[in-house]
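Working notes for the structure below.
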Amino acid sequence: MKIGQTFRKTLPPATHELLRAIGMLSHDMGYRAYLVGGIVRDLMLGRESVDLDVAIEGDAEHLARTFARKTGARMRQPTRFGTCKLLSKAFGTLDIATTRSETYSVPGALPEVYSSGILEDLARRDFTINAMALSLSPGSYGRLLDPLGGEADLKRSSLRVIHAQSFRDDPTRMLRGIRFGARYGFTFERGTALLFREGVEGGFLKRVSGERVFTELKILCREPEPARVFDLLRRHRVLESVDAAFMLNLWKLKDSRRLERAIDVLDESAPTGFLEEWRAWFAVFFLGLDRRKCNRLIRYLNLPKELREICLWSALELKRTLSRLHGLDSSRGYRVTKLLGTVPAEGLVHLYAAGPRRERNLILTYLTDWMHIRPALTGGQIVDLGVARGPRVGRMLEAILRLKISGKLRTKADELDYVRRRAG
Ligand code: ATP
Ligand code: MG
């Protein structure tokens, strides 16, 4: 089978060594091991994949412990679903789980899990392209298991659910569908498209907890091209089906490419680590919402504090800040700096994306120049020069900053001179 060769060539030798070792150990313990899920799909697409997921027909925890003991790898406590994480310097991380199938007592809830063979394990998955396995057993290393036609769907660039209840059982699969649609440019196969529409119209996602929706939205915002994600979310009206608050005049920024460009520009101009891109994308969900809707959505998604503030800013402060910025020009660097100094980095992205050219230039000058300007003198030094301790020192520092930004003070000597003249 072709994939066998691709598989052997594409993964780094150290990874093969690891996978072979797992396959051998499983064999010795009377189990069978498979590489499963996203990595198989990505190998077949010739793309890099991050996670190594291994499924074991047998006791995964026992296998993982034995492997960890033999190789000195660390093992994390198994999760609720029995997935064990192995970590080592030599190979990074690897997830090992016992093959299982699932039943959903209540649609949208987490499944009941029971152990079974690899075929049932593949059949519980979301899309056929994610339901292929590669054997790791010594006699058949690299052999493809594709009982649901994943390879054919990959060739057709098609997303197909495995059974008609899939979105009902786990509506987060709808958001996963958007993820793969955006990342690979795949489209829903006809039957799946109908089921998807049924899921949207039936509000399936409403049955899922806000935390799980948040987790999926966060993953979507971290995709390599979130603009494509937003296009799909809009086209399929997915968000409106989650919560009516999402029923925004969704796109205040006109189009998602504008935000993409803003992120690129700001990433280049701003100091490294200044901006977390995914959060700028996430805040888009809040654009145009009033305070009441914002709060409702924040509570529902249970957002962490920092993200909450960013989203609130983009919803409630963007317009006002933009109009204040509108009255300023580059001769008012200090005012611009004071105004933008309170804006979260993600908010600057939104400002840049929404603003006309003159405002955009002010933001860039702020990022590359003004925001880095500080007085050379400290408060203590100003006191030593004869200024009385107290609010005057702070005012003096602000005055120095203003004059430095406008270019009227340049060197430390200028600053000393300035303070001396006003001290006493
Ligand atoms: P990515 O490349 O984004 O990590 P992935 O396919 O590896 O995509 P994961 O979330 O890492 O996705 O999950 C690994 C595998 O587990 C999937 O390929 C799929 O087979 C299965 N899976 C994950 N979540 C679900 C779900 N909600 N329903 C069914 N199967 C799922
Ligand atoms: Mg993965």
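Just so it is clear, none of the values below were taken in a lab; they were calculated from the coordinates. Fair warning: this is a prediction, and the values are worked out from it, not measured in the lab. Here the Cβ is made from the backbone with ideal geometry for all residues, glycine too, and neighbour counts use every protein chain on show.
Quickly estimate the mean residue ellipticity at 222 nm for the chain, helices only: each DSSP H run with n ≥ 4 gives -39500 (n - 2.57), and the total goes over all residues, rounded to 500.
-15500 deg cm²/dmol
What span do the alpha-carbon atoms of segment 1-86 cover on each of the three principal axes, reported in whole Å from largest to smallest?
Computed over segment 1-86, the largest-to-smallest principal extents equal 32, 27, 23 Å.
Given R₀ = 51 Å, FRET efficiency for TYR184-THR411 by Cβ-Cβ distance, to 0.05?
Efficiency, from the Cβ-Cβ distance: 0.35.
Computed on alpha carbon atoms, what radius of gyration and Dmax characterise segment 184-234, expressed in Å?
12.3, 30
What's the FRET efficiency of LEU110 with ALA423 using the Cβ-Cβ distance as r and R₀ = 51 Å, to the nearest 0.05?
Here the calculated transfer efficiency is 0.15.
Using the scaling law 2.2 N^0.38 Å as the reference, what is the normalised Cα Rg of the chain?
It is 1.26.
Taking 0.36 nm per intervening residue step and subtracting the Cα-Cα distance, what contour gain separates THR365 from ARG392 on full extension?
6.8 nm
Going by average Cβ density within 10 Å per residue, which order do the peptides 93-104, 40-51 take, highest to lowest?
Going from most to least packed, we get 93-104, 40-51.
Over all Cα pairs of segment 56-179, how is the pair count split among 5 Å bins, expressed in % and running from 0 up to the last occupied bin?
2, 10, 15, 19, 20, 16, 11, 5, 1
As a test of the definition: which semi-axes, in Å, follow for segment 250-371 when you take the square root of five times each eigenvalue of its alpha carbon gyration tensor? Largest first, please.
Rounded to whole Å, the semi-axes are 24, 15, 14.
Quick check: the distance between the Cα centres of segment 72-137 and segment 263-297, to the nearest angstrom?
When both Cα centres are located, 34 Å separates them.
Order these peptides, 126-136, 213-223, 387-397, by their mean beta-carbon neighbour count within 10 angstrom, highest first.
126-136, 213-223, 387-397
What residues have an amide H closer than 5 Å to that of THR98, excluding those fewer than 5 places away on the same chain, when H is modeled at 1.01 Å from N in the peptide plane?
Long-range HN contacts for THR98: ILE56, ALA60.
Suppose the chain between LYS155 and ALA399 were pulled fully straight at 0.36 nm per residue; how much longer would it get relative to their current alpha carbon spacing?
81.3 nm
Take the Cα gyration tensor of segment 312-424, multiply each eigenvalue by 5, square-root it, and list the three semi-axes largest first, rounded to whole angstrom.
32, 14, 10
Grab the Cα-Cα distance for GLU306 and LYS338, subtract it from 0.36 nm times how many residues apart they are, and report the gain in nm with one decimal.
9.4 nm
Show me 67-79, 327-339 ranked by packing, highest mean number of other Cβ atoms within 10 Å first.
Descending packing order for the listed peptides: 327-339, 67-79.
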